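Each remark here refers to the structure printed beneath this line.
Each reported figure results from applying straightforward, stated rules to the coordinates on display, with no laboratory input. In this text, all values refer to a predicted model and were calculated from it rather than measured experimentally. Methodologically, a virtual Cβ is constructed for each residue, glycine included, from the backbone with ideal geometry; neighbour enumeration extends over all protein chains shown.
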Amino acid sequence: MDLDTAKTMVLNFMAAGPENEKVAFIKSLFDTLYAHQLKVTENLVVKQKRRNAWELKSIPRKLAKGDGGSSVLKPTEKSAVLKPEDPPEAAGGEEEEVEVPWWKEFKDNSKIVAIDCEHVHYAKLKGIDRIKAASVSIVDFAGEVLFEARIRHNPDDCIINKHTIKVNGITKASVRMGISMEEAKLKVSNILQDKLVVHAAGSMDFRSLGLAIGDYYNFDLQSFWMEPSVNEAGVKVLTTISLKRMARKYFEKSFQEGAHSATADSKMTMRIFTDVYIPWKTGLGCSEIKEEDFSHFEDFGCK
């Protein structure tokens with residue numbers, strides 16, 4: 001495998017190439033790992049397998065016999081969405097058995113949170129190690145903030161200019177303020193333990209806090225929202241859909257127009273999970289959507 005191919009695999013694995021090339025890359029990567037690194041990878045694989053098993057159980061809710069169709073809820077009707085355990089009313093017959101959604105493995109909604117971070121880049125470090133969390137936000141199932149904090153850094157270590165300020169709003173003055181990275185890491189880890197952590201491409205958020213994503217039960221929205229495209233090699237692949245595009249599709253046209261906010265992003269992440277993903281998986285909404293609609297993102301969604 002040449003260097004350019006390896007870089008593509010690292011930077012955009014989902015769109016990098018055909019399945020056999022991805023498998024070959026993973027095998028090559030594993031050959032370079034030490035025993036303690038393989039242990040982390042093993043934990044991640046086990047948790048991902050469990051999550052995939054839950055996902056397979058999460059099929060649309062079966063309707064009661066005699067019911068002619070399912071109700072269609074708009075994403076904004078949050079009160080209806082937040083109670084997926086309530087079965088639909090029978091219209092004249094016995095109710096069929098209801099499959100338990102995979103997220104119900106966490107017993108109650110208090111065990112489900114969403115996380116997001118904003119970052120700074122260190123000038124003298126290379127690769128992904130240069131990306132450090134500068135703010136972090138965790139919200140609960142209802143979108144209420146459980147924890148938010150700025151994380152302080154020496155501004156002389158960070159790349160801060162007009163462009164970065166426009167993107168994340170972090171200035172040389174503001175980056176001096178906040179808690180230490182060690183404190184942030186400890187507090188975030190304690191909150192996330194034994195919970196389902198919803199995120200949108202959040203592997204870098206975990207890493208930027210010094211945490212391993214494989215140590216936590218997690219669900220990436222971008223593992224569900226994907227669309228077909230053609231990569232630079234002319235190969236048809238599935239590519240992920242950004243949180244910004246999801247939000248604009250279902251809710252706010254102006255989302256992320258200005259400087260990004262970890263709190264706004266974590267709230268939107270949870271909102272998409274509760275108001276779009278759950279209705280889709282439980283049959284409470286979006287009944288006009290069919291599986292083949294995922295072939296073009298702009299053509300599917302709650303109306």
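When residues of segment 208-230 are filtered for being polar (S, T, N, Q) and crowded, with 17+ Cβ neighbours inside 10 Å, how many remain? Quick ask: steps written out before the conclusion?
Start the filter on segment 208-230 by keeping residues that are polar (S, T, N, Q), which leaves 208, 218, 222-223, 229.
Those left that are additionally crowded, with 17+ Cβ neighbours inside 10 Å: 208, 218, 222.
Of the residues in segment 208-230, 3 are polar (S, T, N, Q) and crowded, with 17+ Cβ neighbours inside 10 Å.
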Test set (1) outside any helix (DSSP H, G or I); (2) β-branched (Val, Ile, Thr); (3) under 17 Å from the mean Cα position of the chain (by Cα) - VAL188 fails condition number: (1)
Residue ID - nearest to VAL188 (Cα to Cα), chosen from residues in segment 142-169 that are part of a helix (DSSP H, G or I) and of a type in the set (Asp, Glu): ASP157
